[in-house]
Each structure stands twice: as structure tokens, then as C-alpha cells.
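Notes for the one structure printed next.
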Amino acid sequence: MKFDDKNVDVSGVQDRRGTGGRVAIGGGGLGVAGLLVYLLVAVLGGGSGDPGPLVPPGGQVEESGGTSDLKTRCNGSADAIDKYDDCYLVKVYNEINEVWAAEFSRRGDKYRKPTLAFFTDVVDTGCGQATSQVGPFYCPPDERIYIDIGFLDQLQRQFGAQGRYAQAYVLAHEAGHHLQTLFGTEPKVRDRQRSHPNQQNELSVGLELQADCYAGVWSRMADERGNVTITDAELDQALKAAAAVGDDRIQKQTQGRVDPESFTHGSAAQRKKWFRTGSTSGDVTACNTFERLG
């Protein structure tokens with residue numbers, strides 16, 4: 001995936017790596033967002049072919065001393081975006097915000113960008129305390145996307161989640177959850193989950209599939225508007241990733257059986273369908289994954 005420029009803007013980025021923290025016993029606020037231990041796997045996926053490693057050959061995942069250091073390093077050389085995983089993620093974050101801000105403006109609305117927070121091992125959030133085992137996640141109360149980059153590398157090795165575009169897919173999906181906050185979808189769904197507990201999992205699937213659809217919409221708009229250049233191979237990688245990480249495939253891999261009643265992210269076919277719906281239409285109004293719920 002090629003960018004229209006090499007400038008990396010770290011405004012809106014928090015670098016909490018190396019700050020440490022306490023691990024709370026018994027969990028807490030993460031249940032508010034319906035997060036599971038395999039959330040990242042349900043966003044990333046692998047795919048056949050050779051899309052390239054998550055951390056590029058010769059690349060580095062660097063522990064930064066803070067956001068100012070990140071700004072200096074990511075803008076210090078022409079190859080910083082390709083060389084450093086965090087710089088690449090920040091650049092994708094820039095393009096996600098630029099595209100959605102332009103789209104909101106076109107529709108007569110004002111976009112409020114989420115914060116991108118890097119952390120190591122454990123982090124305090126508006127949803128409670130979380131460890132890197134949760135994977136990248138979005139917290140609605142503080143409107144932040146949290147990522148432990150080291151865990152991305154772990155998932156590459158453990159689950160075969162390959163590809164630079166997979167990283168962009170992670171952020172685009174989590175930004176999709178932020179759109180659900182801005183549109184008022186997320187609080188309405190949570191209210192309905194409380195009032196209709198028998199629909200809790202089905203509604204969670206609706207949220208996740210809609211975030212996949214929004215990720216697809218972003219990829220189409222970003223490519224058409226020239227923010228990034230996404231090849232057919234990369235788009236195909238995303239479609240294969242969406243299919244590879246459906247609840248059915250993850251359950252088959254982790255527990256040897258499939259239990260549709262416990263799905264929280266959607267089947268392989270559903271995830272592929274909704275990412276394709278977004279990338280084909282380029283229209284957020286096509287992402288009504290809740291229509292069947294009434």
C-alpha cells in the first residue's frame with residue numbers, strides 16, 4: 001500500500017510504551033465493548049499468497065521514549081514508514097482520519113478523530129484495565145484505539161496473520177467502531193443488548209460486521225481519493241483475511257468444534273461479505289448489518 005506523501009503526523013497519538021502498569025484480576029470494563037481474547041485475530045487474518053510479513057524484512061518494532069521521539073524518528077528518513085511498524089501504523093491512522101474527515105464534511109457533519117494509543121503489556125483505559133492479550137481494541141468511553149505492537153508480531157507467528165495491509169485493516173476496523181460511536185450506533189446497540197439479553201451475541205456480530213464494512217468503505221474511498229494506492233492483490237488479501245478469521249474458523253482451530261450460538265464476530269462468509277460490501281459500494285449507508293434485527 002503506497003501513501004500520497006511521507007509526512008507522519010503524531011497529533012492524536014499517545015505513546016504509553018514502557019510505562020508499565022498493574023494487571024487487574026477479574027477483568028472489568030472490557031465487557032462493555034464485548035471484547036474477546038481473539039479480537040485481533042477476528043480483524044486480521046492471513047490468506048494465501050505472499051502479502052509479506054507483518055513486520056517487514058529488516059524492519060523494527062521500536063520502543064519509543066514518547067510521542068516527540070516518535071515524531072522525530074518517523075519523519076527522520078524517507079524509509080521510516082517502511083522500516084518501523086509504529087510509523088507505518090501512525091501513517092495509516094493519518095490517512096484514516098483524513099478520509100473520514102473529508103467524508104463527514106461532504107455530508108455536512110464534523111468528524112472527531114479517535115486517539116491512537118500504543119502500549120506495552122497492560123494499559124488503563126476508559127473501559128477498564130486491559131492487557132495485550134486482548135489484542136488491538138477500541139474503547140468507546142475514551143474514544144481511543146489501543147494497540148500493543150508486540151502482540152501483532154506474536155499473532156503473526158502464532159496465527160499466520162501476514163501482510164502489511166493486515167495492519168491497515170486492523171486500524172480501519174477499529175476506526176469503524178469509532179464511527180459507530182460518532183453515529184450513535186454503539187450506545188443504542190448496548191442498550192438493546194441490556195434490554196434483549198437473548199440477542200446479545202447477535203447484536204455483537206452486527207457491530208463487528210459493520211466495522212468490517214466500514215473498513216471496506218474506507219479502503220475504497222482512500223484509494224479513489226488518492227490518499228493511498230491499494231492493489232487488487234491487497235484487496236484480495238483483505239477479503240481472504242475476513243474469511244479466514246470468522247468465528248467458525250477460529251472456533252474450529254481453537255476448540256475443534258463450531259458453536260454458532262456463541263458467535264460474536266460473524267462467520268467467515270459473513271465477514272467476507274460485509275468487507276466486500278463496503279469496498280464495492282464505498283458508501284457507509286450500505287453497512288446496515290442490523291436491518292434483519294428490526
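Brief remarks follow.
- The residues on offer are G135, G150, G126, and the sole one that is in contact with a helix residue (DSSP H, G or I) (Cβ under 8 Å, 6 or more places away or on another chain), surrounded by fewer than 19 Cβ atoms within 10 Å (Cβ to Cβ) and at pLDDT below 90 is G150.
- The numbered conditions (1) of a type in the set (A, V, I, L, M, F, W, C); (2) assigned to a helix (DSSP H, G or I); (3) surrounded by fewer than 24 Cβ atoms within 10 Å (Cβ to Cβ) are all true for A117 except (2).
- S64 being of a type in the set (G, A, S), open to solvent by 60 Å² or more (accessible area, probe 1.4 Å) and modelled with pLDDT under 85: no
- All positions within the range 256-287 that are free of Cβ contacts under 8 Å to residues at least 24 places away in the same chain and not in a helix (DSSP H, G or I): G256, R257, V258, D259, S267
- Any hit, the range 99-113, residues being surrounded by 20 or more Cβ atoms within 10 Å (Cβ to Cβ) and among the hydrophobic types (A, V, I, L, M, F, W, C): yes
Residue-wise test of (1) open to solvent by 10 Å² or more (accessible area, probe 1.4 Å); (2) modelled with pLDDT under 90; (3) part of a helix (DSSP H, G or I).
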{"residue": "D142", "(1), (2), (3)": "yes, no, no"}
{"residue": "Q156", "(1), (2), (3)": "yes, yes, yes"}
{"residue": "K188", "(1), (2), (3)": "yes, no, yes"}
{"residue": "G216", "(1), (2), (3)": "no, no, yes"}
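- Single condition E95 does not satisfy, out of (1) out of contact with any strand residue (DSSP E or B) (no Cβ under 6 Å at 6 or more places or on another chain); (2) of a type outside the set (S, T, N, Q); (3) modelled with pLDDT of 90 or more: (1)
The values are calculated or read from the model by the stated rules, or taken from the named source; none is laboratory data. Nothing here was measured: the structure is a model prediction, and the numbers come from that model. Methodologically, a virtual Cβ is constructed for each residue, glycine included, from the backbone with ideal geometry; neighbour enumeration extends over all protein chains shown. Protein only, heavy atoms only, side chains kept; ligands, DNA and RNA dropped before computing areas. Shrake-Rupley method; radii C 1.70, N 1.55, O 1.52, S 1.80 Å.
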